[in-house]
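Below: one structure, written as structure tokens.
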Amino acid sequence: MARVLVPLAPGFEEIEAVTVVDILRRAGVEVVTAGLVAGPIRASRGVVVLPDTTLDAVAGEDFDMVVLPGGQPGTDTLAADPRVRAILARHAQRGAYTAAICAAPKVLAEAGLLEGRRATAYPGVLEARAGGITLEEAPVVRDGRVVTSRGPGTAMDFALELAELLAGPQRRREVEAALQRP
């Protein structure tokens, strides 16, 4: 079974984080939510989530994918956290997937993981960092082992793409069919 880490910083975007966790768990993927701080984490719209663990408790573990939700100030907190940068670097070096949605692709850019790649993000987030990044307006962009997406409205497409990568196209179709998407 694939394992995924979803770090949660105060001010994360609820739709993006919870949709990814929900869809991946429906696909049979083990998802570990890890708070950058201990205890409940208040998201950008005030929803309070209790992560499975803390980032410190799992920082040394290997995952098949690390997924960063966007939202503010959550994205800025992720970008400034040396533990997050170290986890991203280690996982990219070992060939694991890294994924980010909305404003969070800027965290990947600042970690050097988007250099020479195609990517998407919330409008305005990556334009200032476009050197070496080919920006696209697609809902989800996969370039090698890096997956990016635009925002809350693309969270379902993003999560289903991640499910396909980790559990296969057949499992993605099964999960998507049960969701009754058009």
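Highest mean first, the peptides 44-56, 65-77, 158-170 sorted by other C-beta atoms within 10 Å per residue fall in the order 65-77, 158-170, 44-56.
Sum up the charges of everything whose Cβ sits under 11 Å from the Cβ of L8, counting Lys and Arg as +1 and Asp and Glu as -1, but leave L8 out.
For residues surrounding L8, the net value is -3.
In this structure the amide hydrogen of R118, modeled in the peptide plane, comes within under 5 Å of the amide hydrogens of T134, none closer than 5 places in sequence on its chain. Over all other residues within a Cβ to Cβ distance under 10 Å of S44, the charged ones net out to -1, with Lys and Arg as +1 and Asp and Glu as -1. Compute the relative contact order of the range 1-141 as a whole-number percentage, counting only Cα pairs closer than 8 Å that sit 6 or more residues apart in sequence. Relative CO of the range 1-141 lands at 22 percent. Short-range pairs are left out: with C-alpha atoms under 8 Å and at least six residues apart, the relative contact order of the range 76-182 is 22 percent.
Restricting to DSSP loop positions (anything but H, G, I, E, B) with no more than 14 other Cβ atoms inside 10 Å of their own Cβ, which trypsin sites (Lys or Arg not before Pro) remain in the range 87-182? Don't skip to the end; give the middle numbers.
Working: sites: R90, R94, K106, R117, R118, R129, R142, R145, R150, R171, R172, R173; in loops: R94, R145, R150.
Filter output for the range 87-182: R94.
The DSSP beta bridges internal to the chain are antiparallel in roughly 20% of cases.
Counted residue by residue at 0.36 nm each, then reduced by the alpha carbon distance between them, the extension gain from Q72 to E115 reaches 13.1 nm. Taking all protein chains into account, the per residue accessible area for the range 26-160 stands at 42 Å² (1.4 Å probe). Adding -39500 (n - 2.57) for every DSSP H run of four residues or longer, then dividing by how many residues the chain holds, sets the calculated 222 nm ellipticity at -10000 deg cm²/dmol.
Determine ³J(HN,Hα), in whole Hz, for all residues of the range 13-21 in sequence, where each value follows from phi through the Karplus function 6.51 cos²θ - 1.76 cosθ + 1.60 and θ = phi - 60°; x replaces Gly and Pro. Listing the rounded values in order: 7, 4, 4, 5, 6, 5, 4, 4, 4 Hz. Rounded to the nearest Hz, the phi-derived 3J(HN,Hα) couplings of the range 54-62 under the Karplus curve 6.51 cos²θ - 1.76 cosθ + 1.60 (θ = phi - 60°) are 9, 4, 4, 5, 10, 4, x, 7, 9, where x marks glycine and proline. Below 14 angstrom from the Cβ of V29, what's the summed charge of the other residues (Lys, Arg +1; Asp, Glu -1)? Neighbourhood net charge equals -2. Reducing the range 121-182 and the range 26-57 to their Cα centroids gives an inter-centroid distance of 21 Å. Dipole check for the range 1-69: with +1 at the C-beta of Lys and Arg, -1 at the C-beta of Asp and Glu, and the Cα centre as origin, the magnitude is about 220 Debye. The charge dipole of the chain, taken about the Cα centre with unit charges on the Cβ atoms of Lys, Arg (+1) and Asp, Glu (-1), comes to about 160 debye, rounded to the nearest 20. By accessible area, using a 1.4 Å probe on protein heavy atoms only, the chain has 52% of its surface on carbon and sulfur.
Over all directions, the projected convex hull of the C-alpha atoms in the chain averages 9.4 nm² in area. Projecting label points 7 angstrom from Cα along Cα→Cβ for R173 and A57 puts them 3.9 nm apart.
The values are calculated or read from the model by the stated rules, or taken from the named source; none is laboratory data. In this text, all values refer to a predicted model and were calculated from it rather than measured experimentally. With ideal geometry, Cβ positions are generated from the backbone for all residues, glycine too; neighbour counts draw on all protein chains shown. Protein only, heavy atoms only, side chains kept; ligands, DNA and RNA dropped before computing areas. Shrake-Rupley method; radii C 1.70, N 1.55, O 1.52, S 1.80 Å.
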